[in-house]
Amino acid sequence: MLQVVRGDETTEKQVQVNWVTQSTEIETGGSAIISYNLQYDQGSGNDNSWVDLIGYPSNFLQTTYTVTAGITKGTAYRFRLRSKNVYGFGPFSPVAIVRSSDVPEMPIPVTTSISGVNVVITWVAPYDNSETIT
């Protein structure tokens, strides 16, 4: 089954998605895959706003794609994928949600002080790159 996943190159400014090729006869419908069609919702969350990114009308066989235009930091984008063989397109994959965010920045070095018999350790939270620090 096709499944879209968040790519390692995803940041606040771009969203990368990856998927695994279909190779078994059951997955391909008995015919070689000739294209993958990737769609996204442009961050709208609306089921009626799917936009083709690749694979339609021109064929696309790579298994990664990066969206750079129109990305808003911290926005959740929905993606879905389908494959095509000589008989046409199969059904879409389950929807994957990928947020335009990244790992947090490095914290500012901690400071320590003594308060009676206690040591107080203080730091400033780093920039979260649009993903809540947990």
*Identify, from the list I34, I54, the residue that is touching a strand residue (DSSP E or B) at 6+ places or on another chain (Cβ under 8 Å) and surrounded by fewer than 16 Cβ atoms within 10 Å (Cβ to Cβ).*
I34
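Could you say whether any residue in the range 39-57 is aliphatic (A, V, I, L, M) and touching a residue at least 24 places away in the same chain (Cβ under 8 Å)?
Looking through the range 39-57, none of the residues is aliphatic (A, V, I, L, M) and touching a residue at least 24 places away in the same chain (Cβ under 8 Å).
Considering the range 42-62 alone, what residues qualify as being part of a loop (DSSP other than H, G, I, E, B) and of a type in the set (A, V, I, L, M)?
Narrowing the range 42-62 to residues part of a loop (DSSP other than H, G, I, E, B): 42-50, 55-62.
Matches in the range 42-62: L61 only.
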*Mind counting the residues in the range 97-111 that are in contact with a Phe, Trp or Tyr (Cβ under 6 Å, 6 or more places away or on another chain) and surrounded by 18 or more Cβ atoms within 10 Å (Cβ to Cβ)?*
1
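Can you confirm whether S101 is among the small types (G, A, S), farther than 15 Å from N18 by Cα and at pLDDT 95 or above?
Considered against the rule, which asks whether it is among the small types (G, A, S), farther than 15 Å from N18 by Cα and at pLDDT 95 or above, S101 comes out as yes.
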_Residue selected from the range 59-95 under the condition among the aliphatic types (A, V, I, L, M) and buried (at least 18 other Cβ atoms within 10 Å of the Cβ), by the criterion farthest from E131 (Cα to Cα)_ = L81
*Collect the residues in the range 69-98 that are among the charged types (D, E, K, R) and either farther than 19 Å from W19 by Cα or in contact with a Gly (Cβ under 9 Å, 6 or more places away or on another chain) (or both), keeping them in residue-number order.*
K73, R78, R82, K84
*asked:* Please list, ordered by residue number, the strands (runs of 3 or more DSSP E) wholly in the range 63-134 having 1 or more residues that are of a type in the set (A, V, I, L, M, F, W, C), at negative phi and touching a Lys or Arg at 6+ places or on another chain (Cβ under 8 Å).
replied: 76-85, 96-99
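The values are calculated or read from the model by the stated rules, or taken from the named source; none is laboratory data. This structure is a prediction, so every number in the text was calculated from the model and none was measured. All Cβ positions, glycine included, derive from the backbone under ideal geometry; neighbour counts span all protein chains shown.
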